[in-house]
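**Q** Here it is: the structure, laid out below.
The values are calculated or read from the model by the stated rules, or taken from the named source; none is laboratory data. Just so it is clear, the model here is predicted, and its values are computed rather than measured. All Cβ positions, glycine included, derive from the backbone under ideal geometry; neighbour counts span all protein chains shown. Protein only, heavy atoms only, side chains kept; ligands, DNA and RNA dropped before computing areas. Shrake-Rupley method; radii C 1.70, N 1.55, O 1.52, S 1.80 Å.
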Amino acid sequence: PIVSLGMNLPGIASTYCEEHQGMSDLMDHLLEDKTKKRFAFVRGHRNDQCSFEREQIFCNALKKHGHSSDSIYYVEGDYNAFTTYHLLTELLKTNVQIDCIVAANDVMAASAARAAKAYGLVIPTDITISGFDDSSDSTNHSPAITTVRQPFGKMAHSSVTLLLQRIKQHELEPTKSEPCSETRSVQSISFNSELVIRRSTHSTDTDLALCETLSESKLRR
């Protein structure tokens, strides 16, 4: 008996996460700020299905809100921190005023945040940054990074439950000499992803007051 954890495979009992809800909620959250005009998406591995689906939701949301293709930039981060940092640094050096970076996972989001800070940008007042997965990379960075959480614990628990059910079914199957139904339904369980809003995309009143004070201090100099 086989159970797939993380991917919905045809004909195989599966537990997997539907990413559309969490990613759509993320884009709605980011687009609430009407001052953001230029966006960048940091891609994962070439032809990676997860990265592609997240990018499609990203693009569709921007199009729905009237953003043109010339206001969107793409970075081939390849799920690699060093590659992402280098390419984001090069992009920022072209004087493109990126307002918002959406990365296909937290590793690249944290690296993009480091590149933005090294360039002198303040997060989230100058630029907002988000990731995906709710990994330790999102909380180890300061400010903590907004992300999309997948319920891995629940998925793992459900996978074991399904596996035990499949083992029991296998034990109760008729012998090979008896007819076996090929139409037995295969159960799969899906979970919704969840938006986790943190400081990388959300300024508090204290943050704004501090930034105004710093700006006034720079003007006096």
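**Q** Output the residues belonging to segment 53-96 that are closer than 18 Å to Phe132 by Cα, of a type in the set (Ser, Thr, Tyr) and surrounded by fewer than 17 Cβ atoms within 10 Å (Cβ to Cβ).
**A** Across segment 53-96, the qualifying residues are Tyr74, Thr83.
**Q** Within segment 139-175, restricting attention to residues that are over 20 Å from Glu18 (Cβ atoms) and among the small types (Gly, Ala, Ser), which residue is least open to solvent (accessible area, probe 1.4 Å)?
**A** Ala144
**Q** Kindly check whether there is at least one residue in segment 97-113 that is surrounded by fewer than 16 Cβ atoms within 10 Å (Cβ to Cβ), over 16 Å from Gly44 (Cα atoms) and without any contact (Cβ under 8 Å) to a residue 60 or more places away in the chain. Let's see the steps before the verdict.
**A** From segment 97-113, those surrounded by fewer than 16 Cβ atoms within 10 Å (Cβ to Cβ) are 97; that's our starting set.
Subset that is over 16 Å from Gly44 (Cα atoms): 97.
Still in the running and without any contact (Cβ under 8 Å) to a residue 60 or more places away in the chain: none.
No; the residues of segment 97-113 include none that is surrounded by fewer than 16 Cβ atoms within 10 Å (Cβ to Cβ), over 16 Å from Gly44 (Cα atoms) and without any contact (Cβ under 8 Å) to a residue 60 or more places away in the chain.
**Q** I'd like to check something: does segment 33-53 contain any residue that is in a helix (DSSP H, G or I) and touching a Ser or Thr at 6+ places or on another chain (Cβ under 8 Å)?
**A** From segment 33-53, those in a helix (DSSP H, G or I) are 49-53; that's our starting set.
Then keep just the ones that are touching a Ser or Thr at 6+ places or on another chain (Cβ under 8 Å); that gives none.
No; the residues of segment 33-53 include none that is in a helix (DSSP H, G or I) and touching a Ser or Thr at 6+ places or on another chain (Cβ under 8 Å).
**Q** To continue, here is another question. Would you mind telling me which numbered condition in (1) of a type outside the set (A, V, I, L, M); (2) closer than 15 Å to Ser193 by Cβ; (3) at pLDDT 95 or above Arg43 fails?
**A** Of everything listed in (1) of a type outside the set (A, V, I, L, M); (2) closer than 15 Å to Ser193 by Cβ; (3) at pLDDT 95 or above, Arg43 misses just condition (2).
**Q** Would you check if Asp70 is farther than 21 Å from Asp25 by Cα and acidic (Asp, Glu)? Reasoning before the result, please.
**A** On the way: farther than 21 Å from Asp25 by Cα: yes; acidic (Asp, Glu): yes.
Criteria met by Asp70.
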